[in-house]
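Notes to accompany the following structure.
The values are calculated or read from the model by the stated rules, or taken from the named source; none is laboratory data. In this text the structure is predicted, and so the values were computed from the model without any measurement. Please note: Cβ atoms are built from the backbone with ideal geometry, for glycine as well, and neighbour counts cover all protein chains shown. Ligands, DNA and RNA are excluded from the accessible area calculation, which covers all protein heavy atoms including side chains. Shrake-Rupley method; radii C 1.70, N 1.55, O 1.52, S 1.80 Å.
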Amino acid sequence: MNLINRIGQGIGPGKMALFAAIAWLVTITLLHAWISEPGAKKRRLQVGFLPITCHLTCAVAFDRLSKTGKAFDAHKFSAWPDMIEALKGGDLDVAFILAPIAMAMEDQGFPGKIVLLAHRNGTALVVSKHSGIRSITGLKGATVAIPIRYSCQMLALRRLCRQHGFSIRELNMVELSPPDMPFALASGTIDAYIVGEPYAAKAELEGTGRVLCQMRDAWPGFISSVVFVTKHALKDRRQEVSRLIRAFYQAGKWIEGHRLEAARIAAPFLGLPEPLIRYVLLSSRDRVSYSNLIPMPKELSDLSEEMVKAGLIKRPMVGKEIIDLSWR
Amino acid sequence: MALKGLHPFISFGLAILVWEAAIRCLAIPAYKFPGPLAVAEAMKELALSGRLLASVVASLFRVTWGFYLAACAAIPLGLVLGIYGSARAFLNPIVQFLRPISPLAWIPVALMWLGIGDRSAIFLIFLSSFFPLLVFTMSAVLGIKVTYIRVGLNFGVTGLKRYTKILLPAIMPDIITGLRITLGTAWLVIVAAEMIAVKSGLGYLIIDGRNSMRMDYVVAAMIVIGIIGLVLDWTVSRLEMLPSVRWIHKRR
């Protein structure tokens, strides 16, 4: 103590403070470098995903590839816009992303291709238990949350309204990030939401919401998330990318036969409770499906036409031109 | 006098009791808001797994760099703007224009140009502190008492010494106050800055807790953020005890 005081007197308290500030900077920087994971090395492919069961093949493929030492770097995002910006900034090679986002990016001149579907079905329209809404028509005037306007969920909602003889403009539509939706429903801020699993199942399990309609019934073969690869990665790292896409495709097939095990593997990767994933995967086999994942040009052409009608893109796209299946 | 120094502990203790009582009396389910015990359990879990330490270090690292860079850029620039009227006339409007834009508005730009990871987060923290510090420094210079300068002139202080012997000592207390306030703001922004695609930090812990529906993690991270905020403020407040700063309080 005496010594510290003497040193302190020697150099003056102001300089001591400056010295302490610099020492702190060095300490915290070294600690951070030591503790944090090694920075993303560009050698591996960079893959973006969201914590939803729609992206289950990403979790399973990661687990399988890690065992063979051929893993990729997986980046978990909380919201779609963050992933879009990371993609545009060149930080991602491959993204599990909503089909309309992928198509809108192509429309805006960001080059990339859809190589695989992430899943089929796996989306539900949920209404609040207390709302008394019993049919699609009952949604008129209600507040309904969608994940983002560039989503198949929004397009599906639009289609449902149209089929029941009213316009989506008669709803009060709000954009909300999926994890917030069950909370907003429980608190009564919104009356209903349409979202990818497990956020529909969550409200169901907690007893705050009721599934009004499963997309598998309203829109057979419903697609939502796709695997999108940047043109850059497709051109420069063709082999690696092809191997990865094949791994995602195989993972889908494997999940179909091992749903219980898939839930166990995916829970820590997605950061979701295992019982919730298990419920989504096992309550009925086609609640979400991971087979038949090769995208068909016609489906995407049709989707793009729906997007034009909704005012999301200017002109329809030719399905064949946005799909790349050369990895097969 | 027996209570001396114990006040904060008593008020925190009471707050925790009220919290527990509210959870019990109103029968609030854990998924809406966890009780103190659940949060303590979550904190223990996070601490034992090493995740808590890693998060704290990552957040402090980003705040330190963002804040230091802001201080290194804002204080000299603030001095220039304070001293030279013409520089002020040109640049002050731009500063005042950029200042009210929330750092959060820069998120899309940061993500696209700086990418995912530490750089974006540090940039946002930098923005949160840079403009307030700049304005603090500038107005500190403008607020120097004319008497100090006149006295200095009478004593024959000219040239560079005017700055080192009069200007800097005169504004030092204001700058320390500015640092203390902006460090608070920088720490405030950490959650938002770490929302965007970093894989670590207390902000990420909150976002990840939300995504995985672990309210206990969310509240545990909130508490740690609060505690560190207190420690940071206390540390900087020590600077106010320096002789080069204390004089202004003595005078008042």
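Please go through region B:61-81 and give me each residue that is open to solvent by 10 Å² or more (accessible area, probe 1.4 Å) and small (Gly, Ala, Ser), ordered by number.
Scanning region B:61-81 gives B:Ala71, B:Ala73.
Give B:Val18, B:Val39 a once-over and let me know the one that is assigned to a helix (DSSP H, G or I), β-branched (Val, Ile, Thr) and open to solvent by 60 Å² or more (accessible area, probe 1.4 Å).
Answer to the selection: B:Val18.
Does any residue of region A:121-131 turn out to be more than 13 Å from every other protein chain (Cβ to nearest Cβ), open to solvent by 50 Å² or more (accessible area, probe 1.4 Å) and either assigned to a loop (DSSP other than H, G, I, E, B) or of a type outside the set (Lys, Arg) (or both)?
yes
When you check A:Val280 against the structure, is it within 23 Å of A:Gly112 (Cα to Cα) and among the β-branched types (Val, Ile, Thr), yes or no?
It is false that A:Val280 is within 23 Å of A:Gly112 (Cα to Cα) and among the β-branched types (Val, Ile, Thr).
Taking the conditions exactly as written (under 22 Å from B:Ile116 (Cα atoms) and surrounded by fewer than 20 Cβ atoms within 10 Å (Cβ to Cβ)), does A:Arg44 satisfy them or not?
Criteria met by A:Arg44.
How many residues are assigned to a helix (DSSP H, G or I), within 14 Å of chain A (Cβ to nearest Cβ) and open to solvent by less than 30 Å² (accessible area, probe 1.4 Å) when one looks only at region B:100-116?
3
Within region A:134-154, is even one residue among the charged types (D, E, K, R), open to solvent by 10 Å² or more (accessible area, probe 1.4 Å), touching a Cys at 6+ places or on another chain (Cβ under 9 Å) and more than 22 Å from A:Phe222 (Cβ to Cβ)?
The answer is yes; a qualifying residue exists.
Could you please give the count of residues in region A:86-100 that are in a helix (DSSP H, G or I) and surrounded by fewer than 24 Cβ atoms within 10 Å (Cβ to Cβ)?
Residues that pass the stated criteria total 1.
Out of everything in region B:188-205 that is open to solvent by 10 Å² or more (accessible area, probe 1.4 Å) and within 10 Å of chain A (Cβ to nearest Cβ), what residue ends up being farthest from B:Met222 (Cα to Cα)?
My answer is B:Ala197.
Mind telling me which of the residues B:Phe90, B:Phe136, B:Phe123, B:Phe97 ends up being more than 14 Å from every other protein chain (Cβ to nearest Cβ) and crowded, with 20+ Cβ neighbours inside 10 Å?
Within the list B:Phe90, B:Phe136, B:Phe123, B:Phe97, the selection yields B:Phe136.
Restricting region A:264-309 to residues that are of a type in the set (Gly, Ala, Ser) and away from chain B (no Cβ under 14 Å), which is surrounded by the most Cβ atoms within 10 Å (Cβ to Cβ)?
That would be A:Ser304.
Between B:Gly201, B:Gly159, which is touching an Asp or Glu at 6+ places or on another chain (Cβ under 6 Å) and over 20 Å from B:Ser102 (Cα atoms)?
Within the list B:Gly201, B:Gly159, the selection yields B:Gly201.
Would you pick out the residues in region A:195-212 that are touching a helix residue (DSSP H, G or I) at 6+ places or on another chain (Cβ under 6 Å) and either assigned to a loop (DSSP other than H, G, I, E, B) or polar (S, T, N, Q) (or both)?
Hits for region A:195-212 are A:Glu197, A:Pro198, A:Thr208.
Which one is farthest from the chain's Cα centre (by Cα) among residues in region A:179-206 that are at pLDDT below 85 and at the interface with chain B (Cβ under 10 Å from one of its Cβ atoms)?
Taking the candidates together, the pick is A:Ser187.
Going residue by residue through region A:71-81, is there one that turns out to be more than 13 Å from the chain's Cα centre (by Cα) and within 14 Å of chain B (Cβ to nearest Cβ)?
Among the residues of region A:71-81, at least one is more than 13 Å from the chain's Cα centre (by Cα) and within 14 Å of chain B (Cβ to nearest Cβ), which makes the answer yes.
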